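Structure, as structure tokens:
The values are calculated or read from the model by the stated rules, or taken from the named source; none is laboratory data. Keep in mind that what you see is a predicted model, and the values were worked out from it rather than measured. Positions of Cβ are generated from backbone atoms using ideal geometry, with glycine treated the same way; all protein chains shown enter the neighbour counts.
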Amino acid sequence: MQQITRRFARELSEKGFLSPATNVPAPDVGTGQREMAWIADTYKHLHPEDIDHLACVTGKPVEHGGLPGRTEATGRGVQYAVREFFRHPEEVHAAGLTPGLEGKRVIVQGLGNVGYHAARFLSEEDGCAIIAVIEHDGAIFNEKGIPIEALRLYMNDHGGVEGFAGGAYLKDGASVLEMACDILIPAALEGVIHADNAPAIKARMIVEAANGPVTFEADRILLGRGVSILPDAYVNAGGVVVSYFEWIRNISHIRFGRIERRFDEGHGGAIVQAIENITGKEIPDTLRRSLAHGADELELVRSGLDDSMRLALQEIIEVKNQHPGVEDYRTAAYLIALRKIARSYLDIGVY
């Protein structure tokens, strides 16, 4: 994606749409659906012959070739990663945590797109208590849990967390990283956990929703202290996964579920009818709707993302546990990636 963006930017520069100083934009930094729509529209005008022009960039608005669920995909992926981790009792025990997500005390650093959706989903759907949110102007702390939606709306109006009534305001947000919690989710800046504060981190598990939030030195310190870290290369891959789904949708020119949805509904309805005929009892409407339901595009996107995050962590855990020299999830993830690269060369006879 980054190479495509850079190549497209050079085309814009050559045609006078960008100055030389700005012809290599940084993907994902300060951009959203609107900017992606601009890129797609400009590319369409530069290449009107390209029938796949919508596939030139992902993250577009749904009405402009985007995909439902893309906006929250990275945060949703964080949730799916944490859920999958807690499906492995041995890993949970090794991290010094108790089974189940219900009631887990979570601290989130950064309530941008990723942190907001991850915090919201974990609290509303999994019963986690988001006890602290760290932002650029300080932090909000509430032992009983912070109402994430209310905090986000407040930040939209006031530009920060100071003054929010849903918790105590702490000016020194960085110090909140060292508060006691079960799960710490750095979801914004790089290098927020470093050699100076790593010895004081009390979280039993760190979920890297941001890119590079834990420095190399801090990683070694935390590993020595037995803190489990789910690496960024895996945790924040949800956005890329759903971008891939969007790209597939754009080049196939058909939405997901268009072909099979009504068939699935008819098949489910037939099953309901068969059960009622055999038992002589009428199935409740809620169960009838559930059995006869055909998945829409958003449900299929979430299903695909969930499956991708589950299988990836299962592979990471398997590699970590099978190789004595692999002592953490990050190394396991890197080993898997290197194996796949090596395999691609070996398959074509490049040694």
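Mind listing just one residue for me: the one in region 310-333 that is free of Cβ contacts under 8 Å to residues at least 40 places away in the same chain and assigned to a loop (DSSP other than H, G, I, E, B) and, of those, surrounded by the most Cβ atoms within 10 Å (Cβ to Cβ)?
326
Going through region 247-306 one residue at a time, which ones are of a type in the set (S, T, N, Q) and free of Cβ contacts under 8 Å to residues at least 60 places away in the same chain?
The answer is 252, 273, 277, 279, 286, 290, 303.
Please work out which residue is nearest to residue 273 (Cα to Cα), limiting yourself to region 298-351 and to residues that are at pLDDT 95 or above and of a type in the set (Asp, Glu).
299
Looking at residue 210, is it in contact with a helix residue (DSSP H, G or I) (Cβ under 7 Å, 6 or more places away or on another chain), part of a loop (DSSP other than H, G, I, E, B) and surrounded by fewer than 21 Cβ atoms within 10 Å (Cβ to Cβ)?
In short, no.
If you take just the helices (runs of 4 or more DSSP H) that sit entirely in region 220-309, which of them hold at least 1 residues that are over 21 Å from the mean Cα position of the chain (by Cα) and aliphatic (A, V, I, L, M)?
Result: 238-252, 261-279, 285-291.
Within region 54-94, count every residue that is more than 20 Å from residue 118 (Cα to Cα) and surrounded by 19 or more Cβ atoms within 10 Å (Cβ to Cβ).
Final tally of qualifying residues: 9.
Kindly establish whether residue 81 is within 18 Å of the chain's Cα centre (by Cα) and either modelled with pLDDT of 95 or more or in a helix (DSSP H, G or I) (or both).
Here the answer is yes, as residue 81 does meet what is asked.
Got a sec? Which of 276, 297, 282 is of a type in the set (Asp, Glu) and in contact with a Phe, Trp or Tyr (Cβ under 7 Å, 6 or more places away or on another chain)?
Among 276, 297, 282, only 297 is of a type in the set (Asp, Glu) and in contact with a Phe, Trp or Tyr (Cβ under 7 Å, 6 or more places away or on another chain).
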